[in-house]
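Q: Mind having a look at this structure? Questions to follow.
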Amino acid sequence: MKSIVKSFGRDPLLRWVVLSVIMFFFTALGVHFLLYAPLVSQSQELELQLTKVKSEYSRQQNLSTELAKLEPVQERLDNFRSKLTRPFSSVAFSSDMERFISESGVEILAQSYSPPRIRGDFQNVEVNLRISSEYEELRKFISLLNESQFLVVIEEAKLESRDAKILGDLDLQVRFLRGGNASD
């Protein structure tokens, strides 16, 4: 070992090689700790953020899918609110009924309307119909009641079959909010 130290002091090439190796070693350590380690740490941080973003994107995609499923429900609720807040108009309701009768083929034998009656937060107009129809025509008529611009509820139906026809009494109620406002 003493000979290496003596030759190190005398031999410039050996001195240059040893110092170069030491410099290379410390440079490698410096590069590792000053550049590479922070870059690895930053890369890991970015990967973690990317994972979070992917998770949030997936969650928002799921919410978007659920929202798309709710849109038809919202449309039906808006339609229901519109029917509920529309005050009764005998002219408009008669127009609806005429259209339903002509489209379904149901024959109205008798009809009567009551004046609006208050029941809780609602006003109700009772409509009594005496009808004659075939089964499919009656189904079509009842289905068309949902298309009315008013909220129409079948309170009672008394039906009997006679000579391949259905005769019946339908007690309907047209309901609407008293103040005309549905709370949101």
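The values are calculated or read from the model by the stated rules, or taken from the named source; none is laboratory data. Small disclaimer: the values here were computed from a predicted structure and weren't measured. Positions of Cβ are generated from backbone atoms using ideal geometry, with glycine treated the same way; all protein chains shown enter the neighbour counts. Accessible surface areas use protein heavy atoms only, side chains included; no ligands, DNA or RNA. Shrake-Rupley method; radii C 1.70, N 1.55, O 1.52, S 1.80 Å.
Q: Starting at the first residue of the stretch 122-137, write each ³J(HN,Hα) from the Karplus equation 6.51 cos²θ - 1.76 cosθ + 1.60 with θ = phi - 60°, in whole Hz, x for Gly and Pro.
A: The phi angles translate into 10, 10, 10, 10, 8, 10, 10, 10, 10, 10, 9, 6, 8, 4, 5, 5 Hz.
Q: Show 142, 118, 131 ordered by accessible area, largest first, where the area counts protein heavy atoms only and the probe is 1.4 Å.
A: Details: 142 65, 118 110, 131 0 Å².
Descending accessible area places them as 118, 142, 131.
Q: Note down the magnitude of the dipole of the stretch 123-165 about its Cα centre, charges +1 on Lys and Arg C-beta and -1 on Asp and Glu C-beta and zero elsewhere, to the nearest 20 debye. List each step's numbers first, then the result.
A: On the way: 6 positive and 9 negative charges, 14 e Å.
That gives a dipole near 60 debye.
Q: Just tell me which aspartates and glutamates come within less than 12 Å, Cα to Cα, of residue 140; anything on the same chain fewer than 8 places away is out.
A: In chain and number order, the partners are 103.
Q: Here is a follow-up. For the chain, what is the charge dipole size about the Cα centre, in debye to the nearest 20, if Lys and Arg each add +1 at the Cβ and Asp and Glu each add -1 at the Cβ?
A: On the way: 23 positive and 25 negative charges, 368 e Å.
It comes to approximately 1760 debye.
Q: Send over the semi-axes of the chain's equivalent ellipsoid, whole angstrom and largest first, taken as the square roots of 5 times the C-alpha gyration tensor eigenvalues.
A: Values: eigenvalues 1698, 69, 22 Å².
Working from the Cα gyration tensor, I get semi-axes of 92, 19, 10 Å.
Q: I've got another one for you. Between the stretch 103-175 and the stretch 38-69, what is the C-alpha centre distance in whole Å?
A: Centre-to-centre distance over Cα atoms comes out at 55 Å.
Q: What does the helix-only formula give at 222 nm for the chain: each DSSP H stretch with n ≥ 4 adding -39500 (n - 2.57), the total divided by the residues, and the result rounded to the nearest 500 deg cm²/dmol?
A: On the way: 5 runs with 104 residues, N = 184.
The helix contribution divided over the chain gives -19500 deg cm²/dmol.
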